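The values are calculated or read from the model by the stated rules, or taken from the named source; none is laboratory data. The shown structure was predicted, so the numbers you read here are calculated from the model rather than taken from an experiment. Cβ sites come from the backbone with ideal geometry, for glycine too, and all protein chains shown count toward neighbours.
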Amino acid sequence: MTPVSKLDELLKEIESNPRDQRLHQKLGELHQKRGDSGQAARAFKRVAELYADDGFFLRAVALAKQVLKLDPKLIEAEVLLAEWHHALQLTGEAREHLILALRALNAEGRTAEARVLEARFAAAGLSRLPSTDEVFLASPKARA
């Protein structure tokens, strides 16, 4: 079976079983073998989301950290890490990932999204964060 047909077959299986973590894991591994780190990261991110949906936050966190190794610019993974650390009551880690996500959003000029994200976390009780403006000013792009 060719790699393309393996991929097509796997995608059809996922379409029939969208919550099957094993299938998404296989998809990520297949993309990784093909050298497509971006697609692999997205597939593994989906596995992490499924773990979190089932309440397995520690597994989700571990996998999301691997996702960031594959695709360090995947801001959504930073946001998920902030959410899951907050759910695990690991406030320091939650703040760290939130600040990284805010910096990345601001560096891409997505300041409105950054402010919404900041407000969402503040409403969830993650307080005493630097303001979005302070995070932007601390980012390397702002200093350039």
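Table for the structure above
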item	result
Filter pass, residue 68 being under 17 Å from the mean Cα position of the chain (by Cα) and not assigned by TED's automatic domain parsing to the domain that holds residue 118	yes
Every pair of residues 6+ apart whose Cβ atoms lie under 6 Å, when the first sits in the range 41-54 and is touching a residue at least 60 places away in the same chain (Cβ under 8 Å) while the second is buried (at least 20 other Cβ atoms within 10 Å of the Cβ)	none
Qualifying residue in the range 68-75 (condition: surrounded by 22 or more Cβ atoms within 10 Å (Cβ to Cβ), within 13 Å of residue 48 (Cβ to Cβ), of a type outside the set (D, E, K, R) and free of Cβ contacts under 8 Å to residues at least 40 places away in the same chain)	no
Hits in the range 2-36 - residues which are assigned to a loop (DSSP other than H, G, I, E, B) and under 18 Å from the mean Cα position of the chain (by Cα)	19, 36
Criterion (buried (at least 17 other Cβ atoms within 10 Å of the Cβ) and of a type outside the set (Lys, Arg)) met by exactly one of 100, 58	100
